[in-house]
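The values are calculated or read from the model by the stated rules, or taken from the named source; none is laboratory data. From a predicted model like this one, the values you see are computed outputs, not experimental measurements. Using ideal geometry, Cβ is built from the backbone for each residue, glycine included, and neighbour counts are taken over all protein chains shown.
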Amino acid sequence: MHIISRKPLREFSGKHPPAKTSLDAWFAETSRAEWGSFADVKATYGTADVVAGNRVIFNIGGNKYRLVVKIAYKCGIVFVRFVGTHAAYDDIDAKTI
């Protein structure tokens, strides 16, 4: 999968160093993945959830952080829409972000 973009992951890791290892691992694994549907995502990340608009929510760092992406399965592109603490995630609408 092609991930757009890594910048928000780096910026968040800079502010929250404990998240860096988990975000780097997610990036590496997702870059190698070939997901054709949410079922493929779920097979890789069993705790992932899907919401409207092909948005997928990942628990990062033992569920201390959340990552929301939008996936264009046919194109093989993952768009990073949000990365933040669990508390910050509670303040957004993952269906529209």
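Quick notes
- The listed residues are GLY61, GLY46, and the only one of them that is of a type outside the set (S, T, N, Q), at pLDDT below 95 and on the phi > 0 side of the Ramachandran plot turns out to be GLY61.
- Flag if ASP24 is over 15 Å from PHE79 (Cα atoms), among the charged types (D, E, K, R) and more than 13 Å from the chain's Cα centre (by Cα): no
- Some residue of the range 77-87 being part of a helix (DSSP H, G or I) and of a type in the set (D, E, K, R): no
- Restricted to the range 67-76, and to residues there that are in contact with a strand residue (DSSP E or B) (Cβ under 7 Å, 6 or more places away or on another chain) and in a strand (DSSP E or B), the residue that is surrounded by the fewest Cβ atoms within 10 Å (Cβ to Cβ) is LYS70.
- Of all residues in the range 17-56, those being part of a strand (DSSP E or B) and either of a type in the set (Phe, Trp, Tyr) or out of contact with any Phe, Trp or Tyr (no Cβ under 8 Å at 6 or more places or on another chain) (or both) number 3.
- Count of the range 3-17 residues which are surrounded by 12 or more Cβ atoms within 10 Å (Cβ to Cβ) and in contact (Cβ under 8 Å) with a residue 12 or more places away in the chain: 7
- Answer residue from the range 27-62, given it is of a type in the set (Lys, Arg) and within 13 Å of the chain's Cα centre (by Cα) and is surrounded by the most Cβ atoms within 10 Å (Cβ to Cβ) among those: ARG55
- Residue list for the range 6-16, restricted to those being part of a loop (DSSP other than H, G, I, E, B) and within 14 Å of the chain's Cα centre (by Cα): ARG6
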